[in-house]
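Down below is the structure, laid out as structure tokens.
The values are calculated or read from the model by the stated rules, or taken from the named source; none is laboratory data. The model shown is predicted, which means the values in this text are computed figures rather than measured ones. Backbone-built Cβ (ideal geometry, glycine too); neighbour counts: all protein chains shown.
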Amino acid sequence: MNHEEHIINTIHTTFKSAEAEIQRKGRLLIRLRSDLLPAFVSYLKNYLDFNHLVMISCVDWMEDNQFELVYHLYSYAQKVHAMVKVRLNRSQPQAQTILPFWDQAGTYEREIHEMYGVYFEGHPDLSEFILEDWDDIPPMRRDFKTREFVNENYEWRKGREDAQDVRRTISERYDEKLPQFNNDDKANG
Amino acid sequence: MTQVEKETTLYLGPQHPGITGNMMIELKVTGDTVQRAKTHVGYLHRGFEKLMEERLWMQCFPIVCRICVPEPDPNEENLARAIEEIEGREVPERAQYIRVMVLELSRIASYFLWMGGQAGSMGLYTMPQWTVGDRDYILDLFEELTGGRVYHMYIWAGGVRRDLPDGFAGRVRRVLDYLEERLTDYDRLFFQNALFLKRSQGVGVIDKDKAMEWGVVGPPLRGCGIAHDVRKDEPYEVYDKLDFEIITHEGGDIYARAMVRRREIEQSISIIRQVLDKMPGGPVHNPGPNPLKWKLPAGEAYVRTESARGEFGYYVVSDGSLKPRRIHVRGPAYVHGVSLLEKMLVGANIADVSVIMNSLGTCPPEIER
């Protein structure tokens, strides 16, 4: 039995509700109920040697009305990277802090609180990290419209009032068709 | 004599020659001893992660290399490898060798920049002049290979953009020979300098038992005598076919970290020579679909690289559309520059603050992306 299977079997003896799968060699995906998370990561840290907190990511699944927190843990001894995932309700996102187990988790939680508005229960200092005096919705959420924000808050540099597109000038000169790029919704179809 | 026990707030940065980039450390000091430190960032936030959610996959490559100025290549390599993992695209062997060569060259360039910064923070101002000058020989190679000196946009999904120019390997070897010879000068001027030894030995010590738990990676971790290197732990590209050892040094202080980096320069030179010897022929790119209609299958991947400052990681999530759902960058400075630095500065002398900071290789652009 390899390391990954052994870890999954050990996890299942204690946390029966955890869904674990092997993504590839050295990568584990574990889905979990959000209230079990602090107990689960401390179990991984103390009993299965996952002592390196790589990072905490947040993914916005707006369509499902959910945030997904991904806790990346790495075990140097077994050379296995576990991605522990919990889903939170997007309208009232709340999770428990894992600060007691790793000091550096505090920074990641502060950033996620600022950028997504997830509240971490038990975190002593969820003050602003990168932004300053922000009063809009948290900017990394997918419903935050970057373009609108820019148009409302910034103005074009002098001499760029006509928002001239250089590609259009070139394509007209050489009588070529302008390639349809990316940023409008046509490209999505 | 008793010192007046009055606590003063001292702001170091964001514009300060001892700070590596744009960030600020708020120090509470009594006398010249630091009691508490707090890192403030936000002077450099460009919102790259948000920006990439509205860009095509191909358009992300010119963005990611800007995440770390002194060493942009691990970013490109990470994103490319994450995309290849989600897509299941094969990379030609020659391209993998070229990638290793580029990564190691950029590691040497980054260490040269660090040497200048570390020496400059101690007042040895000859070193920055020399190291930045010598680093330019590597940048010349990059310019010839990629067209860019600092940002290369050379590694992309499926391989690298173009093959080596004629006679390039010979020019790389010539630069390596020169740099290797030059290292003895650096030893005499810096690594054996009495001032450097006095300022670095026993200063800024990281507790060996706590190092892994605190998220220390890269040369600071190996400077504690713990042998972990992503190139060995989780070999990527062709590192498993190359002959090298993990370099460690006991002590956990600034001197140990400096010696790890010093010896890794020699090691990188040896790795590049091996790469040039073993490099096979063949194509350098496995082309994918039209970049304007390039959809990735739904999936996710976490990939990591050993950069000059430690583990660099990318977490890439695709929802099957033309644009990324989420790209999250793990820079080593995110931990080194905030929670670790705040802990290490307690009890330090004010004059040692920028020395400690430089020894961790803090890089603010990757804290705020």
Review point. If you take the residues of segment B:207-221 that are away from chain A (no Cβ under 12 Å) and outside any helix (DSSP H, G or I), which of them is surrounded by the most Cβ atoms within 10 Å (Cβ to Cβ)?
Key: B:G218
Review point. Does B:D185 satisfy the condition of being of a type in the set (D, E, K, R), without any contact (Cβ under 8 Å) to a residue 24 or more places away in the chain, in a helix (DSSP H, G or I) and farther than 25 Å from B:A95 by Cβ?
Key: no
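Rundown of residues vs (1) within 9 Å of chain A (Cβ to nearest Cβ); (2) touching a Pro at 6+ places or on another chain (Cβ under 8 Å); (3) among the β-branched types (V, I, T), yes/no style:
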{"residue": "B:N290", "(1), (2), (3)": "no, no, no"}
{"residue": "B:S307", "(1), (2), (3)": "no, yes, no"}
{"residue": "B:G310", "(1), (2), (3)": "no, yes, no"}
{"residue": "B:I327", "(1), (2), (3)": "no, no, yes"}
{"residue": "B:D352", "(1), (2), (3)": "no, no, no"}
{"residue": "B:M357", "(1), (2), (3)": "no, no, no"}
{"residue": "B:L360", "(1), (2), (3)": "no, yes, no"}
{"residue": "B:I367", "(1), (2), (3)": "yes, no, yes"}
Check your understanding: Which residues, counting only those in segment B:329-339, are within 7 Å of another protein chain (Cβ to nearest Cβ) and not aromatic (F, W, Y)?
Key -> B:R330, B:V335, B:V338, B:S339
Check your understanding: Any idea which of B:L124, B:L195, B:L105, B:L164 is part of a helix (DSSP H, G or I) and in contact with a helix residue (DSSP H, G or I) (Cβ under 8 Å, 6 or more places away or on another chain)?
Key -> B:L105
Revision key, fill the gap. Turns out the strands (runs of 3 or more DSSP E) fully within segment A:13-100 with at least 3 residues that are more than 9 Å from every other protein chain (Cβ to nearest Cβ) and within 19 Å of the chain's Cα centre (by Cα) are A:27-32, A:66-75, A:80-89, A:94-96
Practice item. Kindly check whether there is at least one residue in segment B:301-317 that is part of a loop (DSSP other than H, G, I, E, B), surrounded by fewer than 24 Cβ atoms within 10 Å (Cβ to Cβ) and out of contact with any Leu (no Cβ under 7 Å at 6 or more places or on another chain). Key: no
Study note, to complete from the structure: The condition from (1) closer than 30 Å to A:M140 by Cα; (2) surrounded by 15 or more Cβ atoms within 10 Å (Cβ to Cβ) that B:V34 misses is numbered (1)
Point to revise | segment B:275-300: number of residues that are surrounded by 22 or more Cβ atoms within 10 Å (Cβ to Cβ) and in a strand (DSSP E or B) | key: 1
Check your understanding: Are there any pairs with C-beta distances below 6 angstrom linking a residue in segment B:222-250 that is within 14 Å of chain A (Cβ to nearest Cβ) and without any contact (Cβ under 8 Å) to a residue 12 or more places away in the chain to a residue that is outside any helix (DSSP H, G or I) and not hydrophobic (A, V, I, L, M, F, W, C), with the two at least 6 apart or on different chains, and if so which?
Key -> B:D233/A:K79
Review point. Got at least one residue in segment A:149-166 being away from chain B (no Cβ under 12 Å), modelled with pLDDT under 90, in contact with a Pro (Cβ under 9 Å, 6 or more places away or on another chain) and surrounded by fewer than 16 Cβ atoms within 10 Å (Cβ to Cβ)?
Key: no
Check your understanding: Residue check: is A:Q104 in contact with a strand residue (DSSP E or B) (Cβ under 8 Å, 6 or more places away or on another chain) and more than 14 Å from chain B (Cβ to nearest Cβ)?
Key -> no
Practice item. Enumerate the helices (runs of 4 or more DSSP H) found wholly within segment B:327-369, keeping only those where 2 or more residues are within 30 Å of B:A298 (Cβ to Cβ). Key: B:365-368
